[in-house]
Every structure is written in structure tokens, then in C-alpha cells.
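Values in this text are rule-based calculations from the coordinates and carry no lab data. Quantities reported herein were computed from a predicted structural model and do not represent experimental measurements. Positions of Cβ are backbone-derived with ideal geometry, glycine not excepted, and every protein chain shown enters the neighbour counts.
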Amino acid sequence: MTPVEVDARGLRCPLPVIRLAAAARGAAPGTVITVLATDPAARHDVPAWCRMRRHELRDVTDEVAGDGSTHQRFTVVVGEPAPVSD
Amino acid sequence: MPTQGAHLPVLTYFQRRKPYSSVASAPVSGWGYRRRVSPTSATPGPRALLDAAGTPLLPAARDTLLAALDAGWADPRRLHAEGRQARALLDRAREVVAAGLGVRPPELSFVPSGPVALRAGCEGLMHAGRRRGKRLVASAVEHSAVLTLGRHLAAASGDPSLFEEVRVDALGRVDLDALESALARPGTTAAAVQSANGEVGTRQPLAAVDERTRARGVPLLVDAMASLGREPVPTSYDVLVGDARSWGGPGGVGVLVVPERTRWRRAGPVSELEGGRTDAEPVVALALAAAEAWQQTEATRAAEHARAASLVARIRAAAAAIPDTEVVGDPRDRLPHVVTFSCLYVDGEALVTELDRRGFAVASGSACTSSTLEPSHVLAAMGVLTHGNVRVTLPLEGVAPDREADVERFLAVLPDAVATVRAQLGAAGL
């Protein structure tokens, strides 16, 4: 499975989670998705989304980009498809 | 450039017409939050106040305030007749609120606000206990006035261990084992735990907290700003803090209760005001209005509690039925009038604005609705979704007589408002 990267740097809540959800939609279970985000709320909302959608949050790290700016890197493993909620 | 001699009235005609103001627009039948056309909303129509952070005064408190402005304007420290009258009114206010809180009048000080009382309360405990240490312990969901004070104390000393935030569980309840360990660390001087959380409604286990602080000899400050007027008055504390707005009184009246048994000492210069616990002179009329509101609210508390709790149960059920919506806080052990939920893939600011456009005033803990772009520290500490957050705090029925109908209308539009905001972000179907 090809790893997927979602670059949500500069986007404000809830857009990082929406981009992540869009990338996870239809992805095979086990797919690894990496999310880069600068929004302070993503620190709380990516883990909350993983819990609500039964995906695995494997890792969260703080990173420094080449230009000296900082962001967070979330590593998410897509879980089994959830039952349709609506 | 201002013209000499010309001035505008402080309240313009436009402001007086706003629905929350009862100064010029109140109907003869009452002063409360009546359905009126708002001049500022995009959609003219009835407004529903579902945010109790600031509400109109209870009618009787408003009457008292106006009367007290005329009767209690003098300096209560003067010996002349006018001063003695102001003093008598202030004493009366103190007697009423102290009796309501179950303390003696000298143990209660009026201070400018609940948050001011929180800071003064913590600082006084820390100062009195300074030989024991300089370490403050607080739950991670305390009011920001406590958390910012603790962080400041630690930063100013260059020692992060001088402030410890004790974790809470997913419902927002303080972890008693973690509290126990925090209290056991040497140098712990004071602890702060709220009676219940005003953002998510969860009650704290105060009796168990008090048992632990007592066992360690650490004084406990209890922030009851969210619960006073809605719930029984806490009895397990060394310092108690409240704010008159929570029981339908005016802004500008915080209460700081320091029982005689408590070792508390004001940091800073000696004051002759309010038992030496503040340097801000209380406004007599505001204190009296707060006392009037207390009596009104206390007299109807049981029925108010039951009705608010049943409305909140309906809101919780209706919110939970909206797709991808998480209702947060303890479902049972909670305040009667607070309900919070977060909707996945929803912009909190957009949802508050959409609901406002439709006539509903609600609050939100989402980052985009805060000035700092940081989400609510309470939601963050609980590990729940912070975006798409809506917080409803029901005003007392005495200030919002149409409360039940307002909630019904709110529940009728809420699913569509959420769907509208979700569709704007292209998040439908995710």
C-alpha cells in the first residue's frame, strides 16, 4: 500500500481533519496516512477523529521545516470501514 | 473633533433597542429576556438566549439595583447619615449572601468579579502558606484565571514543578489518583478544584477531593462560579469563590469566602476594604442587586433545577442524533443547565454565526471562536473533538421566561444548521 501524505499546514480547524477524512475515504484498511498540520486544534482533533472513526493514531511528532517553521506530523493507520452513520 | 459642550448619550437610541437591554424596550409585563426584534441580526425575528455567560438581571434584582442606585450612592465609610445608609445597604447585602452560602458575614468579601476572587483566593492561600512551599495544584479544567496564575507563578520562579495541572478523564472529572500524587509532592501549598465545570457541566467529586487535601494538610479553593444558584452550595472547602451572574445577579460582583479557620493572607499592601481581602471598593447597588437575585433564585431552585435538567436532556438527545456529533461531559453527574457537543467536519465559528443568523445566541469552545486560536482548554484536557463545538448554557427561567419554547425552536433548526455549515466546507458524506 502506498503511503499517503496530507499537507494541511496553514489550514485552520476543521480543514486539516476534513482533508484527512477525505484521504481516508475509500482507503484500504492498513493504509498509512501522514498529516502535516500547523493548526493548534489539530493536536486535539486528529486524535479525537481517529478515536471516533476507529483509526489508529500511530505517532505524533513535532517537526521543523527547512525554513525554520514548525508543524506537527501525525501518522494514522486506516482501520476497518466504519458502518455508515447516517 | 469633539465640539465643546456637545456630547452623545452613553446609551444611544439604537443600543437601547437591542433585545438584551431592558432599559428602554421592556414591555410593561416584565423585564426579562422577551421576544423582540433584534436590530442587528440578519434575520428579523425572535431571539433566543442560550448562553448564560451574561444574561439580563432577574426582574426583582433589576428593581433593587435601580432603587439602590438612588439610595446607596454614598461612601459607606463616611460617618454622616448618607454614608451610614449606604453602609447599612452593603451590610444587608452581605448578610443575605453570607446566609445563603452558609457562612458568617465577615467571612464573605465582595470583589469585582469571580475571576478576580479566584486569583485573590489562590494568592492569599499561597502567601499564608509560603513557609511550606510555593507550589499550586489545580485540575486541568479549572477556570483560566487559576491556570494562568499557576503558569505565571511557575514561569516567574523558573521552576515548572511549582504548578501542576491534574489530568481529567474523558468526561472532565478530575483523576483522584493523580490528584493524590500531586498533593503528595513536597512543597504543595494550595489546591484549586471547581464544584462543576461551566463549559461541559461535569461535577467534580468535591467530598473526595476535600478528603485528600485535608489528609495532606493542603488548603482547598473551590470555584463554584458555575454551580451557585443552580446547585446546593459546596460545603467542603477552605476558600469558596462565586460570581453573582450565575444566580441571576449583575456583573461586577464576585464573592470570596474565607472562613475564619482558613489560613489566608493577602499578598500586597494592607487594605481596609472587605475584611482586607481586596482593594476595590464594592458598588453598593450591585451588591444589593446580587443579594436580591440570590433570594429569588434560591427560592425557586428546586423547580428551576428540574426544568432545566429536563430541557438539557432533550438537547443532549437531539444533538446525539445528529450524524457524527459527540455530546461531551458526564451524562448524569452534571449541572442542570449546561450542555456541550462537537460536530465533526464543522467550523465552530461558522456554526455559531449560522445559529446567530437564525436567532439563537450560543457559545463555542472551538479554536476559531477564541481570540488566541487555541481551542477550549477544557475540551482539550478531556481529549474530545474541539472543532464544531456548541455550548448551550440555559439562562434561569426568571430571566428567560420563553426558555422552553426557545429550546424547542433551537432543536428544530439545529440539524439543518449543522448540515448547512458542513456543506459549505464540502464535508458532506465524509
- Item | Rounded FRET efficiency, nearest 0.05, which uses the C-beta distance separating B:E272 from A:R54 and R0 of 51 Å | 0.25
- Query: Counting other Cβ atoms within 10 Å, which trypsin sites (Lys or Arg not before Pro) in region B:208-259 have at most 12 and lie in a DSSP loop?
  - Reply: none
- Item | Residues B:H80, B:H337, B:H127, B:H387 arranged by fewest to most Cβ contacts within 10 Å | B:H80, B:H127, B:H337, B:H387
- Query: Looking at the protein assembly as shown, what % of its DSSP beta bridges pair antiparallel, to the nearest 5?
  - Reply: 60 percent
- Around A:V6, which amide H atoms from residues at least 5 apart in sequence, or from another chain, sit under 5 Å from its own amide H, with H modelled in the peptide plane? A:T34, A:V35, A:L36
- For B:T148, what is the net charge nearby, where nearby means another residue's Cβ is under 12 Å from its Cβ and Lys, Arg count +1, Asp, Glu -1? 0
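Mind checking the dipole of region A:4-77: about its Cα centre, +1 per Lys or Arg Cβ, -1 per Asp or Glu Cβ, Debye to the nearest 20?
On the way: 10 positive and 9 negative charges, 79 e Å.
Roughly 380 debye, rounded to the nearest 20.
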- For all pairs of alpha-carbon atoms in chain B, what percent lies in each bin of width 20 Å, listed from the first bin to the last filled one? 25, 54, 20, 0
- For chain B, size of Cβ-based charge dipole, Lys and Arg +1, Asp and Glu -1, in debye: 580 debye
- Here FRET efficiency (C-beta to C-beta, B:E260 to A:A28, R₀ 60 Å, nearest 0.05) is 0.30
- Could you run the Karplus curve 6.51 cos²θ - 1.76 cosθ + 1.60 with θ = phi - 60° over region B:410-425 and give me ³J(HN,Hα) per residue in whole Hz, x for Gly and Pro? 4, 5, 6, 9, 4, x, 6, 5, 5, 4, 4, 5, 4, 5, 4, 8
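Express the C-alpha Rg of the protein assembly as shown as a ratio against the empirical globular expectation 2.2 N^0.38 Å, rounded to two decimals.
So the protein assembly as shown has a normalised radius of gyration of 1.05.
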- Query: What dipole magnitude, in Debye to the nearest 20, does the protein assembly as shown give about its Cα centre under +1 on Lys/Arg Cβ and -1 on Asp/Glu Cβ?
  - Reply: 760 debye
- Of all the stretches in chain B, which is the longest one without any exposed loop site, taking GluC sites (Glu not before Pro) in a DSSP loop (any state but H, G, I, E, B) with at most 13 other Cβ atoms within 10 Å? B:1-259
- Item | For B:A190, residues with placed amide H under 5 Å, excluding near neighbours | B:R135, B:V137
- Which of B:A285, B:V200, B:V116 sits closest to the plus end of the dipole of chain B, meaning its Cα is farthest towards the positive end, when Lys and Arg get +1 and Asp and Glu get -1 on the C-beta? B:A285
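Relative to the present Cα-Cα distance, how much length would full extension add between B:L69 and B:S371 at 0.36 nm per residue of separation?
Full extension of this stretch gives 105.2 nm more.
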